[in-house]
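Beneath this line is the structure, given in structure tokens, with notes to follow.
The values are calculated or read from the model by the stated rules, or taken from the named source; none is laboratory data. Given the structure is predicted, the values throughout are model-derived calculations rather than measurements. Every residue, glycine among them, receives a Cβ derived from its backbone with ideal geometry; neighbour counts consider all protein chains shown. When the accessible area is computed, the model is the full protein with side chains, heavy atoms only, and any ligands, DNA or RNA have been set aside. Shrake-Rupley method; radii C 1.70, N 1.55, O 1.52, S 1.80 Å.
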Amino acid sequence: MEWYQSAGVGQQPTEKQIANFVGNPLWAFANDYLRRAYLVQPQYNYSCCSMRPGWNIRYAKNGKTLCTFYPMSGYFSMLVVIGSKEIAEAELMMSMLSKYVSNVFSETAAGHGAKWLMLDIQSKDTLLDALKLVSLRVKPKNKIEMGL
């Protein structure tokens, strides 16, 4: 079953329902990390976007979106926006990140000076790389051990 089929517009899923659907421990780690490191709470949004319809989970701090999670069966996708102010630093980081994340970065065209990276989080390395990219946009309030 596709995610958008599991809960309609007026049926916001619970955290537990989403975690059960995703069925991957990286989901819990990512959510816990963002809450504790940035002192933020998830915002649930329903999207009619044809690419990723259904409920998504957005994290924002001081009006800046940190990232958005899109639940998938067995994994989740994470949208990380690299703004024009962060692109140069992100480019320098690429040699230290996984080949997958580096490829997504290089293949993503910049629009209005930013890159919108849609990363499929299926491994610990990809998640850790994605969280490093989030920290370019907004520095964490708390230092949280990122080891899994």
(request) Report the FRET efficiency, 1/(1 + (r/R0)^6), for S95 and K143, where r is their Cβ-Cβ distance and R0 is 25 Å, rounded to 0.05. (result) 0.55
(request) Averaging over all projection directions, find the projected area of the Cα convex hull of the range 10-65 and quote it in nm² with one decimal place. (result) 4.5 nm²
(message) Can you work out the Karplus-derived ³J(HN,Hα) for every residue in the range 118-124? Use 6.51 cos²θ - 1.76 cosθ + 1.60 with θ = phi - 60°, whole Hz, and x for glycine or proline.
(response) 9, 10, 7, 8, 10, 9, 4
(request) Classify the range 96-148 as rounded, prolate or oblate, taking a ≥ b ≥ c as the square roots of the eigenvalues of its Cα gyration tensor: rounded when a/c is under 1.5, otherwise prolate if a/b is larger than b/c and oblate if not. (result) oblate
(message) Let me test this: with uniform point scatterers at the alpha carbons of the range 37-100, what is the Debye-based log₁₀ I(q)/I(0) at q = 0.17, 0.21 1/Å?
(response) -0.78, -1.03
(request) Could you provide, to the nearest whole Å², the per residue accessible area of the range 42-93 with probe 1.4 Å? (result) 46 Å²
(request) Could I have the simple spin-label model distance between Q41 and K124, label points 7 Å from Cα toward Cβ, reported in nm to one decimal? (result) 3.2 nm
(request) Using only the C-alpha atoms of the range 1-143, find the volume of their convex hull and express it per residue in Å³. (result) 117 Å³
(message) Rounded to the nearest percent, how much of the accessible area of the chain (1.4 Å probe, protein heavy atoms only) is carbon and sulfur?
(response) 52 percent
(request) Choose one answer from K132, K61, K124: the residue with the largest mean-square fluctuation in a GNM of the chain with alpha-carbon springs under 10 Å. (result) K61
(request) Rounded to whole Hz and in sequence order, give me ³J(HN,Hα) for the range 103-115 from the Karplus expression 6.51 cos²θ - 1.76 cosθ + 1.60, θ = phi - 60°, writing x for Gly and Pro. (result) 5, 4, 4, 5, 8, 8, 6, 7, x, 6, x, 10, 10
(message) Give the aspartates and glutamates whose C-alpha is closer than 19 Å to that of K99, dropping any in the same chain fewer than 8 places away, or say none.
(response) E89, E91, E107, D120, D125, D129
